[in-house]
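Note sheet for the following structure.
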Amino acid sequence: MRIPLFVFLYFLSGCSPANTDKQIASADLSTGKTKDDLLSLERKWLEAEFALDTAYVSSLLDSTFISISSDHISNKQQELEGIYENISAMRKDSIFLDSMKFEEALVHVYGNTAVASFIVHTYKKNKGKPTEKRTRFYDVWIKRGENWQAVSSQGTTVE
C-alpha cells in the first residue's frame, strides 16, 4: 500500500523538533492550580503514610503503580504493605512524625500526565529526641477522569 506523499509529509511535520518544543512549552504553562493540587496530594500522601492510613494512600495509587528503590521495584500492593510495616516498626520503636516541609518543589504538567519532584524534610521524635531526614521524591501522575493518580514513585535519601 502506498501512502500519498502529502499525507506522509503532514505526519512528518507533526514530529518535527519545533512542533515538539511548542507542545512542551505549552504543557509547562498549565495552571498554577493544577500544580498546587498535585503538591497538596503529595503532602496528603505523606501525612496518610505516617498516620498509617493505607486506604487513603491506596486511593491515590493507580492499579499499575510501581515504586522504585535502590534495590527493588514494588507494585501497588507491595508498596502498601511496605508502608504499613515501616510505619508500624517506627511506632513500635517510639518514632513519631513531628512535622514536615517541602523544598525545591517542581511540577510539570503535560496534558493528563504530570511529573512532581521535591525534597521533603521530615522531623521526627525518636524516643523523645528530635531527628531529621531529607528525601528527594520523583513521582509521575496521570489524570483519570477528574482524579490524579500516581503511577510511579522513586524516593532517595539526601545527605
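Some notes on this structure:
- Exclusive hit being without any contact (Cβ under 8 Å) to a residue 40 or more places away in the chain, open to solvent by less than 30 Å² (accessible area, probe 1.4 Å) and either within 24 Å of D36 (Cα to Cα) or not in a helix (DSSP H, G or I) (or both), set S74, S99, S59: S74
- Hits in segment 77-96 - residues which are open to solvent by 50 Å² or more (accessible area, probe 1.4 Å) and part of a strand (DSSP E or B): F96
- Residue that is nearest to Y56 (Cα to Cα) [pool: residues in segment 150-159 that are open to solvent by 40 Å² or more (accessible area, probe 1.4 Å) and within 15 Å of the chain's Cα centre (by Cα)]: Q154
- Residues satisfying the stated conditions in segment 106-133, i.e. small (G, A, S) and modelled with pLDDT of 95 or more: A114, A116, S117
- Counting the residues of segment 25-56 that are at pLDDT 90 or above and outside any helix (DSSP H, G or I) gives 3.
- Any hit, segment 102-118, residues being under 30 Å from G32 (Cα atoms), open to solvent by less than 50 Å² (accessible area, probe 1.4 Å), touching a His at 6+ places or on another chain (Cβ under 7 Å) and part of a strand (DSSP E or B): yes
The values are calculated or read from the model by the stated rules, or taken from the named source; none is laboratory data. Since the structure is predicted, the reported quantities are computational estimates derived from the model, not experimental observations. Cβ coordinates were reconstructed from backbone atoms using ideal geometry, including for glycine residues, and neighbour counts include every protein chain displayed. Just the protein is used for accessible areas: all its heavy atoms, side chains included, with ligands, DNA and RNA removed. Shrake-Rupley method; radii C 1.70, N 1.55, O 1.52, S 1.80 Å.
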